[in-house]
Amino acid sequence: MLLKAQPIFDAVAAVKAEETRPRVILMDPAGKPFNQKLAEELATEKQLIFICGHYEGYDERIRTELVTDEISIGDYILTGGELAAMTMVDSIVRLLPGALGNSESAASDSFSTGLLEHPHYTRPADFRGLKVPEVLLNGNHAKIEEWRQMESLRRTWERRPDLLEQLELSDQQKKWLASWIKLDKK
């Protein structure tokens with residue numbers, strides 16, 4: 001099944017009548033990979049139009065004449081682009097003012113800083129012998145922040161070292177990383 005050109009051209013024209021230059025996004029596994037940076041860019045747009053293919057896709061004239069961005073959410077195939085578009089919409093909308101209860105939440109989430117997020121803990125401080133790190137219990141906010149930054153870097157190094165290649169690390173972060181690498185070699 002292919003999306004026919006006429007209904008898509010008509011739908012995009014109707015929306016464009018209200019907004020002069022909306023971004024028209026085609027969900028396509030061959031498209032540019034979606035990431036946090038692109039979510040932040042798209043969150044600044046006044047309007048977005050998502051076109052979602054189904055099964056075999058769409059008439060090629062849709063891509064060549066209407067689309068401003070071809071985007072993929074990963075190297076796999078879905079039955080349609082709707083789930084991919086919903087994933088993107090969720091990621092974009094949470095960046096809009098008022099979408100989250102605490103506007104600082106989006107800024108400190110994984111990938112917003114280029115690093116994965118640090119571990120989180122709840123009460124009680126000791127659950128079945130599993131203890132919350134002492135630094136989180138002492139009330140020293142500077143030390144807590146330093147621990148969060150260190151653990152964020154450690155988690156990224158352990159789970160997604162590819163992300164570190166894109167970052168400009170501080171001197172302190174370089175020291176932490178060097179110490180872990182040294183320990184890892186032992």
Among the residues of the range 14-52, how many are modelled with pLDDT under 90 and surrounded by 18 or more Cβ atoms within 10 Å (Cβ to Cβ)? 0
Taking the range 155-174, which residues are of a type in the set (Lys, Arg) and assigned to a helix (DSSP H, G or I)? ARG155, ARG159, LYS174
Helices (runs of 4 or more DSSP H) within the range 52-154 that include 3 or more residues out of contact with any helix residue (DSSP H, G or I) (no Cβ under 7 Å at 6 or more places or on another chain) and in contact (Cβ under 8 Å) with a residue 12 or more places away in the chain: 82-93
Filter result for LEU116 (at pLDDT 80 or above, buried (at least 16 other Cβ atoms within 10 Å of the Cβ) and under 26 Å from TRP157 (Cβ atoms)): yes
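Pick out the one residue from LYS32, LYS37 that is in a helix (DSSP H, G or I) and assigned by TED's automatic domain parsing to the domain that holds GLY57.
Testing whether each residue is in a helix (DSSP H, G or I) and assigned by TED's automatic domain parsing to the domain that holds GLY57 leaves just LYS37.
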Pull out all pairs, ordered by first then second residue, where Cβ-Cβ is under 9 Å, the residues are six or more apart or on different chains, the first lies in the range 170-185 and is free of Cβ contacts under 8 Å to residues at least 60 places away in the same chain and in the same structural domain as ARG148 (by TED's automatic domain parsing), and the second is surrounded by 10 or more Cβ atoms within 10 Å (Cβ to Cβ) and among the basic types (Lys, Arg). TRP176/ARG154; LEU177/ARG154; TRP180/ARG154
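The values are calculated or read from the model by the stated rules, or taken from the named source; none is laboratory data. Since this is a predicted model, take the numbers as computed values, not measurements. All Cβ positions, even for glycine, are placed from backbone atoms using ideal geometry, and neighbour counts span all protein chains on display.
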